[in-house]
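Read-outs: derived from the displayed coordinates by stated rules, not from any lab. These numbers were taken from a predicted model, which means no experiment stands behind them. With ideal geometry, Cβ positions are generated from the backbone for all residues, glycine too; neighbour counts draw on all protein chains shown.
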């Protein structure tokens, strides 16, 4: 799975309606350009493609007073909302996703009810435990990796990754169960997007050539 679809759908959904530069600005504010494939060209391409697929609705609005082509604003559709939540749930539960996919999912974790978030994370832990057990069918960590030659270092890395991932996930579950964060249906959510025109301290540079989209 690519993180870009989840990131773009989630960013548009948080705004209600947003143009491409707003989405780019939000994702740069979250640092997504550093830990994912959410680069400017990828963001604008994803917006256009998902509009063609019916996941977003595109509105052409008047050009700026300074001139230039009309700007396009995007709004998530019912189909897009279904896709967003399907991607979010899959990203939280699938233990072998790339780190950028899990990072994207964590950015929208509170869009779920608290109980569902906990259940999905517990499913993730169970997946990590199954994966670790499958590795240790062939490799015994207590014996050390040298018994299998340098190839044993691969399995040793997998075991350590599974252990670290499960430990971190259990910690997150404990924090959520103790009442951390505001989840869906619990009140005013955390605002994780920039207001239109608000300066972004993490912006990577000048607007992209496609920023009118």
Practice problem: Rank the residues 169, 77 as a footprinting-exposure proxy: fewest other Cβ atoms within 10 Å of their Cβ go first. | Solution: 77, 169
Exercise. Can you tell me the FRET efficiency between residue 151 and residue 90 if r is taken as the Cβ-Cβ distance and R0 is 30 Å, rounded to the nearest 0.05?
Key: 0.45
Exercise. For region 113-183, calculate the relative contact order in percent as a whole number, restricting contacts to Cα pairs under 8 Å that are 6 or more residues apart.
Key: 45 percent
Quiz item: Counting other C-beta atoms within 10 Å, which of 118, 23 has the fewest, and how do the rest follow?
Solution: 118, 23
Quiz item: From the Cα gyration tensor of region 1-44, with a ≥ b ≥ c the square roots of its eigenvalues, which class applies: rounded if a/c is under 1.5, or else prolate if a/b is larger than b/c, or else oblate?
Solution: prolate
Exercise. Arrange the following residues from fewest to most other Cβ atoms within 10 Å of their Cβ: 137, 156.
Key: 137, 156
Quiz prompt | Ordering of 122-131, 4-13 by packing [mean C-beta count within 10 Å, highest first] | solution = 4-13, 122-131
